[in-house]
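Trainee: Dumping the structure here so I can ask a few things about it.
The values are calculated or read from the model by the stated rules, or taken from the named source; none is laboratory data. Quick caveat, the model's predicted, so the values are computed rather than measured. Methodologically, a virtual Cβ is constructed for each residue, glycine included, from the backbone with ideal geometry; neighbour enumeration extends over all protein chains shown. Side chains are part of the model used for accessible areas, which takes the heavy atoms of the whole protein and leaves out ligands, DNA and RNA. Shrake-Rupley method; radii C 1.70, N 1.55, O 1.52, S 1.80 Å.
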Protein chains: 2
Amino acid sequence: MGTLTNKKALIIGAGAIGSFYGALLHKVGWQVSVVARSDASLVAEQGYQFESPLGDISWRPHKVYSNENNNEKFDYVVLCTKVLPSLDRAALLKPWVSDNTTIVLIQNGIEIEAPVLEAFPNNPLLSCLAFIAVTRVAPGKIVHKAFGRLKIGGYPHGNREVAQPFADALSAAGVAADVSEDIVYERWLKCVWNTPFNPASILANGADTMQMLEAPGGEAFIKTLMAEVVRVAAAAGYDLPADVVEANIAGTRAMPAYRNSMAIDYLHQRDTETEAILGNVVAVAKKHGVSVPHLETMWALIQIRNEPPRVSD
Amino acid sequence: MGTLTNKKALIIGAGAIGSFYGALLHKVGWQVSVVARSDASLVAEQGYQFESPLGDISWRPHKVYSNENNNEKFDYVVLCTKVLPSLDRAALLKPWVSDNTTIVLIQNGIEIEAPVLEAFPNNPLLSCLAFIAVTRVAPGKIVHKAFGRLKIGGYPHGNREVAQPFADALSAAGVAADVSEDIVYERWLKCVWNTPFNPASILANGADTMQMLEAPGGEAFIKTLMAEVVRVAAAAGYDLPADVVEANIAGTRAMPAYRNSMAIDYLHQRDTETEAILGNVVAVAKKHGVSVPHLETMWALIQIRNEPPRVSD
């Protein structure tokens, strides 16, 4: 099938990840605009400068919007913000979405699609997971270190006729973009890693992967957390591979020690996606009566962190 | 019975708590010396200056030792250091203890007496819990805010004939000093509060009591942790009162919000007694096959915190 060309796309939340996938769509001839927050004027003037193993993928958006006032609609609206309770994603999407717009989420977490589906029940909805190491190092300046693979699926499942052309456009730009018939399964699979490692890293003040695995009892603890995620997934109807815990540990040990993106957000005092990655898993566990005491403890500790102090010094 | 007088006592670890109980023994006529670390020369010159609701209990030690080289022995050696895996308490005691010395521990935690008993199997051993709000605000300067009650017992139990005269000496100085026939029971009782609140406060970056109780799910979480401590105590042979969890919550709510001493140690980057207060409880649970997943999670997270990072930035 031919690659889609000349589509109009809008990237909302054009940080490192958003500007990266925007670059790819731009590369295959799409007219790509962005909603940018802090870097808006600089990006409008100079565009995004990239360092990337894919070569020079620097690009300038067709338009840079810094607020919601517009009458422009798009074929694709790609939402790349963090998923935060304080961020009304439906409201972010609303000004740009027509009856014909395909909504694309490139976001982390579990059970994150429902609020968007509810707000736009008649629009095609693609849910995507990005496997990528990309960092915004300065305004408008992004370093793409490695990877870039995207897992794309219609939500809640199927809808390959919408997912495939979007995947093909990205594939044509040079990254692996695989269509999944069951993206929720893929999200649970990714949670097996993220749900334990990300919040544990925050609670241990930014611990890296090997610090977590090598602490006394650390690996056993991470495996216990992973096993809880697997049980919740199973209760929700998603049977993950029998060796998924071992495979995740082996995979982590095979890589150099590193701090995950949530740990880095935490260390830079930025908002973290704990709700989407841990809170929602604990909520699904509760709904299905699955006991997750270890995940629950991490969640409770994060809730206490988020609570304002009553004493000051 | 008559109060003991003219006894020779040595306080090891004469920080806020040690210098406070030293002041009381001095007040009733004992000859009290101290082993002081950082404040040694200042304390030798000026003694300890107190603000206290008990009146002026400022005092100057008979001698101030700053190291172990001596031939002096004492009737009572009172150990008031923190209980840390890095601190060999038997080695701290050794230079000052004769066959006739009564060893007194005024220290936190559970199962903290065994290493001392093992090193000095023939000396009377008193184990004490201090209920006190006292702070060292400057070298040699201590503010005693409130309380001071001491629970004193022979270890592992009984030995009232040794405990009572020591308690009477302190009582004569103006604090409640109660002898317990079963000090280990009293330690478990105190752990019902300390084992949940202290480490949770660290993991939540210094959270105060009301912050912990008022966070979403916070009170239920603290109660779950308390219930785990109660089950471990029961498995170890100590049946705590049926209402102990409710009573601890009510007692905490009845007081103004405050940061516990472990939280304050943590915020000042000083060593914390997590091993004595949490690690030992988890170890006893394991020994008796009691499931404590919530305590276990806190312990694992603290182990990860203590592990050095593998990446640097």
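Trainee: Compute the long axis of helix A:16-27 from its Cα atoms, compare it with the longest principal axis of the Cα atoms of chain A, and write down the angle in degrees, 0 to 90, nearest 10.
Mentor: It is inclined by approximately 30 degrees.
Trainee: Could you order the peptides B:233-241, B:204-212 from most to least packed, using the average number of other C-beta atoms within 10 Å per residue?
Mentor: The peptides rank, most packed first, as B:204-212, B:233-241.
Trainee: What is the antiparallel percent of DSSP beta bridges lying wholly in chain A, to the nearest 5?
Mentor: 35 percent
Trainee: How large, in percent, is the carbon and sulfur part of the accessible surface of the stretch B:129-281 at a probe radius of 1.4 Å? Let's see the in-between values first.
Mentor: On the way: 3080 of 5700 Å².
Carbon plus sulfur share of accessible area: 54 percent.
Trainee: Moving to a separate point now. Could you order the peptides B:174-187, A:102-115, A:272-285 from most to least packed, using the average number of other C-beta atoms within 10 Å per residue?
Mentor: Taking the mean over residues of other Cβ atoms within 10 Å, the ranking is A:272-285, A:102-115, B:174-187.
Trainee: Using label points projected 7 Å from each Cα along Cα→Cβ, tell me how many nm separate B:ILE264 and B:THR5, to one decimal.
Mentor: Result for the modelled spin labels: 3.5 nm.
Trainee: Using a 1.4 Å probe over the heavy atoms of the protein chains, calculate the carbon and sulfur portion of the accessible area of the stretch A:9-53 as a whole percent.
Mentor: Carbon-and-sulfur percentage of accessible area, whole number: 50.
Trainee: What's the FRET efficiency of A:GLU51 with B:LYS287 using the Cβ-Cβ distance as r and R₀ = 51 Å, to the nearest 0.05?
Mentor: Result of the calculation: an efficiency of 0.40.
Trainee: Summarise the partner chain shielding of B:289-297 as one whole number: the mean count of Cβ atoms from other chains within 10 Å of each residue's Cβ.
Mentor: Neighbouring Cβ atoms belonging to other protein chains average 4 per residue here.
Trainee: Just the C-alpha atoms of the protein assembly as shown: what Rg/Rh do they give, with Rh taken as the Kirkwood radius?
Mentor: Using only Cα positions, Rg/Rh for the protein assembly as shown is 1.10.
Trainee: May I pose another question? What is chain B's relative contact order, in percent, from Cα pairs under 8 angstrom and six or more apart in sequence?
Mentor: That works out to 15 percent.
Trainee: Return the value, in Å² to the nearest 100, of accessible area buried between chains B and A (probe 1.4 Å, both sides summed).
Mentor: On the way: alone 14540 and 14540 Å², together 26090 Å².
Buried surface at the B/A interface: approximately 3000 Å².
Trainee: Any idea of the accessible area per residue across the stretch A:5-135, 1.4 Å probe, to the nearest Å²?
Mentor: 43 Å²
Trainee: Roughly how much of A:LEU92 is accessible, in Å² to the nearest 10, using a 1.4 Å probe?
Mentor: Roughly 40 Å² of A:LEU92 is accessible to a 1.4 Å probe.
Trainee: Still on this structure, please answer the following. Is the shape of chain B best called rounded, prolate or oblate, per the rule: a/c under 1.5 gives rounded, else a/b larger than b/c gives prolate, else oblate, with a ≥ b ≥ c the square roots of the Cα gyration tensor eigenvalues?
Mentor: Note, shape of chain B comes out prolate.
Trainee: A further question follows. Over the stretch A:185-306, what is the mean sequence separation of C-alpha contacts under 8 Å (at least six apart), divided by residue count, expressed as relative contact order in percent?
Mentor: Averaging sequence separation for qualifying contacts and normalising by length gives 37 percent for the stretch A:185-306.
Trainee: A:LYS82: which lysines have alpha carbons under 26 Å from its alpha carbon, excluding same-chain residues fewer than 8 sequence positions away?
Mentor: Cα-Cα hits under 26 Å: A:LYS7, A:LYS8, A:LYS27, A:LYS63, A:LYS73, A:LYS94, A:LYS141, A:LYS145, A:LYS151, A:LYS190, A:LYS286, A:LYS287.
Trainee: Something else now. Other chains near B:202-213: what is the mean number of their Cβ atoms within 10 Å of each residue's Cβ? Please report the intermediate quantities before stating the final value.
Mentor: On the way: counts 2, 11, 10, 6, 4, 8, 8, 2, 5, 8, 6, 3.
Across B:202-213, the average partner-chain Cβ count within 10 Å equals 6.
Trainee: Please work out the Kirkwood hydrodynamic radius for the stretch A:185-306, using every pair of different C-alpha atoms, and report it in angstroms with one decimal place.
Mentor: Radius from the Kirkwood sum: 14.4 Å.
Trainee: Would you mind calculating the relative contact order of the stretch B:8-181 from Cα pairs under 8 angstrom and at least 6 residues apart, reporting the percent as a whole number?
Mentor: Over the stretch B:8-181, the number comes to 22 percent.
Trainee: State the answer as a single residue: which of B:PHE74, A:ALA242, A:VAL292 lies farthest towards the positive end of the charge dipole of the protein assembly as shown, with beta carbon charges of +1 for Lys and Arg and -1 for Asp and Glu, about the Cα centre.
Mentor: Farthest towards the positive pole: B:PHE74.
Trainee: Next question, about the same structure. Using helices alone, what [θ] at 222 nm do you get for chain A, with -39,500 (n - 2.57) per DSSP H run of 4 or more residues, divided over all residues and rounded to the nearest 500?
Mentor: -12500 deg cm²/dmol
Trainee: Averaged over B:247-260, how many beta carbons belonging to a partner chain fall within 10 Å of each residue's beta carbon?
Mentor: That average works out to 1.
Trainee: When N is the residue count of the stretch B:124-232, what does its C-alpha Rg come to as a fraction of 2.2 N^0.38 Å?
Mentor: Working: Rg = 16.9 Å, N = 109, 2.2 N^0.38 = 13.1 Å.
Ratio of Cα Rg to 2.2 N^0.38 Å: 1.29.
Trainee: If you restrict to DSSP beta bridges whose two residues both lie in the stretch B:8-181, what percentage is antiparallel, to the nearest 5? If you can, show how the numbers build up before the last one.
Mentor: Details: 13 of 38 bridges.
About 35 percent, rounded to the nearest 5.
Trainee: Further question: Please work out whether the stretch A:30-155 counts as rounded, prolate or oblate from its C-alpha gyration tensor, where a ≥ b ≥ c are the square roots of the eigenvalues and a/c under 1.5 means rounded, while otherwise a/b larger than b/c means prolate and anything else oblate?
Mentor: oblate
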